[in-house]
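Student: Below is the structure I would like to discuss, written out as structure tokens.
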Amino acid sequence: MNTKRVAIDDALAFRWKALAWALDQQAHQHGFVAFLNSNKIAYPNDPFPNRLFVGAKRVVSFSDTDTFQELYKAYTEQPGFLVGYLGYDLKNELETLGSRNPNRLGLPNAYFVEPEWVIDFEEDGIIVWGGNDPDSLIEAIKLTGFQKEYADKTAQRTSKGVQCRVSPEEYQANVRRIQQHIRAGDVYELNYCIEFFVEQVLLDPLTVYRALNERSPMPFSSLLKLGDQYSIGASPERFLKKQGPKILSQPIKGTIRRGRNAQEDVMLREQLVHSEKERAENLMIVDLVRNDLARSAQTGSVQVDELFGIYGFQQVYQMISTVSATLRDTVTWADAIRHAFPMGSMTGAPKIRSMELIDKLEVSRRGLYSGAIGFITPEGDFDFSVVIRTLLYDAQRQYASFSVGSAITYDAIPEQEWEECLLKARAIREVVESYLHAKRT
């Protein structure tokens with residue numbers, strides 16, 4: 001793949017112009033765009049790169065029977081960058097499972113492309129991969145502005161605002177049902193999620209993404225465009241990363257809000273540090289992830305690099321652990337992903353029984369939510385985030401959706417779990433409602 005480095009005074013500001021150019025449907029039709037953004041946030045083993053993928057030289061074909069093997073085959077036939085997502089419902093390929101709820105967004109279970117352009121943004125320049133004329137590309141980006149929007153002022157707007165498919169009473173009743181399963185020994189912990197949605201809404205994805213990124217900057221921030229469908233994400237969580245023979249996963253379990261002042265902030269952080277409930281939740285998922293990685297690892301190489309690390313983000317503190325391993329020589333990178341998918345922090349333990357109960361109790365299909373977004377490099381390395389704190393939007397159906405959840409344990413208090421869901425939903429909800437209010441006035 002051709003590469004060219006170009007000096008630019010403020011490349012991190014230039015990336016916003018590049019994203020606007022990539023999404024500008026009046027100038028061209030790029031059916032696929034993927035934008036990754038670290039927000040300069042320090043993160044163990046590094047966050048996402050600041051990178052833009054544009055266009056599709058090749059779309060990987062999947063038959064919905066062995067997605068991971070088909071992805072690996074597409075790579076081996078023509079090594080290069082591949083970027084896209086793995087949806088949660090791929091679980092049905094891996095185990096004898098099903099998904100009873102409708103696919104309201106209509107997204108496929110997996111989607112990957114070999115991009116036409118890859119642009120890396122550094123402090124003082126950019127690196128352009130691919131294409132035949134990077135100079136023309138850069139000039140086109142420089143001429144792009146931010147003022148364009150997809151939705152005009154006369155478009156139909158929703159009058160109902162953000163709704164939730166589950167009432168507080170229904171949610172709390174399901175938490176108690178999960179606790180009955182825990183007492184019966186079916187599961188030790190279960191991640192129960194609920195969907196918020198908006199109907200008959202026209203959004204400008206770039207405007208919403210920039211507002212969410214400002215409101216909730218995260219190390220695995222992303223924006224994906226697949227035709228008229230978008231994923232607008234502010235994820236704090238890594239699913240799986242491979243660099244050389246090493247793989248690592250960083251499950252998050254344990255959340256508390258940030259304080260209103262410095263004194264309260266310190267108090268809340270210490271509360272999370274010493275919470276027996278949150279530490280127990282985190283430890284159970286760490287054990288699950290260790291088992292997942294062991295399926296791909298050299299004997300004795302699985303280790304916990306960090307347990308119960310506390311990391312502060314703009315809205316919340318999170319408890320994050322890091323588990324790593326060394327791949328066996330006979331295990332492909334696709335097998336490593338398969339063996340760990342989906343992320344244990346989004347299912348519960350044990351994983352298969354948890355996923356069975358999730359499908360019985362939840363009223364929305366997860367789809368892309370709690371799946372993974374990321375990329376594979378020409379060298380066969382990869383990095384994937386967990387799809388959480390993410391707004392999914394279908395411009396044609398005029399439907400927007402985002403889901404949140406929490407880990408239910410035997411000592412969970414249903415009312416507090418509901419409040420945790422509202423806390424996790426707050427940033428996206430406020431961004432969407434603020435956008436709708438601005439468009440009405």
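The values are calculated or read from the model by the stated rules, or taken from the named source; none is laboratory data. Because the structure is a prediction, the values reported are computed rather than measured. Cβ atoms come from the backbone with ideal geometry, glycine included; neighbour counts cover every protein chain shown. Please note that ligands, DNA and RNA were not included when accessible areas were found on the heavy atoms of the full protein model with its side chains. Shrake-Rupley method; radii C 1.70, N 1.55, O 1.52, S 1.80 Å.
Student: What residue among I428, I247, I413 shows peak mean-square fluctuation when the chain is described by a Gaussian network model with Cα springs under 10 Å?
Tutor: I413
Student: Which lysines have a Cα less than 21 Å from the Cα of K4, not counting those fewer than 8 places away in the same chain?
Tutor: K17, K57, K142
Student: Highest first, please rank the peptides 313-319, 55-61, 6-12 by the mean number of other Cβ atoms sitting within 10 Å of their residues.
Tutor: Those peptides, ordered most packed to least, come out 313-319, 55-61, 6-12.
Student: Another one. Tell me which residues come under 5 Å, amide H to amide H, from G367 once H is placed; ignore anything under 5 positions away on its chain.
Tutor: Those lying under 5 Å, H to H, from G367 are Y88, D89.
Student: So if I place +1 on the C-beta of Lys and Arg and -1 on the C-beta of Asp and Glu, and nothing else carries charge, what would the dipole magnitude of the range 37-141 be about its Cα centre? I want it in debye, nearest 20.
Tutor: 520
Student: Quick query: amide H of I256 versus all other amide H atoms, modeled in the peptide plane; which residues come in under 5 Å with a sequence gap of 5 or more or a different chain?
Tutor: Y317
Student: Now for a different question. Sorted by packing (mean other beta-carbon atoms within 10 Å per residue), highest first, where do 83-92, 360-369, 384-393 land?
Tutor: So the order, starting with the most tightly packed, is 384-393, 83-92, 360-369.
Student: Report the one residue of S296, L107, S321 whose Cα lies farthest in the direction of the positive end of the charge dipole of the chain (charges on C-beta: Lys and Arg +1, Asp and Glu -1; origin at the Cα centre).
Tutor: Selected residue: L107.
Student: Hey, what's the Kirkwood Rh for the range 161-233 if you take every pair of different alpha carbons, in angstrom?
Tutor: With all distinct Cα pairs of the range 161-233 included, I get 15.5 Å.
Student: While we're on this one: Considering only A412, Y399, F384, whose Cα is most displaced toward the positive end of the charge dipole of the range 377-427, charges sitting on Cβ of Lys, Arg (+1) and Asp, Glu (-1)?
Tutor: Positive-end residue among those listed: Y399.
Student: In percent, how large is the relative contact order of the chain, given Cα pairs closer than 8 Å and 6 or more residues apart?
Tutor: The normalised contact order for the chain reaches 23 percent.
Student: Same structure, new question: When ranked by the protection proxy of mean other Cβ atoms within 10 Å per residue, highest first, what sequence do the peptides 111-121, 263-273 form?
Tutor: Packing order, densest peptide first, comes out as 111-121, 263-273.
Student: While we're on this one: Using the Cβ atoms and a cut-off under 10 Å, what net charge is assigned to the surroundings of R258, where Lys and Arg are +1 and Asp and Glu are -1?
Tutor: +1
Student: Next up: Rank G312, I373, V162 by how far each Cα sits towards the positive end of the charge dipole of the chain (+1 on Lys, Arg Cβ; -1 on Asp, Glu Cβ) and give me just the farthest.
Tutor: In the chain, that residue is V162.
Student: Please give the solvent-accessible surface of E169 in Å², to the nearest 10, using a probe radius of 1.4 Å with every protein chain present.
Tutor: Estimated to the nearest 10 Å², E169 gives 130 Å².
Student: About the Cα centre of the range 164-244, what is the dipole size in debye to 20, counting +1 per Lys and Arg Cβ and -1 per Asp and Glu Cβ, all else neutral?
Tutor: 380
Student: Could you name the lysines in cross-link range of K277, using Cα to Cα under 20 Å and dropping any fewer than eight places away on the same chain?
Tutor: Partners found: K253, K351, K424.
Student: Using a 1.4 Å probe and ignoring any ligands, DNA or RNA, find the accessible area of S216 and quote it in Å² to the nearest 10.
Tutor: Result for S216: roughly 10 Å² accessible.
Student: Place a +1 charge on the Cβ of each Lys and Arg in the chain and a -1 charge on the Cβ of each Asp and Glu, then give the dipole magnitude about the Cα centre in debye, rounded to the nearest 20.
Tutor: Using Cβ point charges on Lys, Arg, Asp and Glu, the chain gives about 700 debye.
Student: Can you list the residues, at least 5 places off or on another chain, whose amide H is less than 5 Å from the amide H of L240, using H built in the peptide plane?
Tutor: For L240, the qualifying residues are F384.
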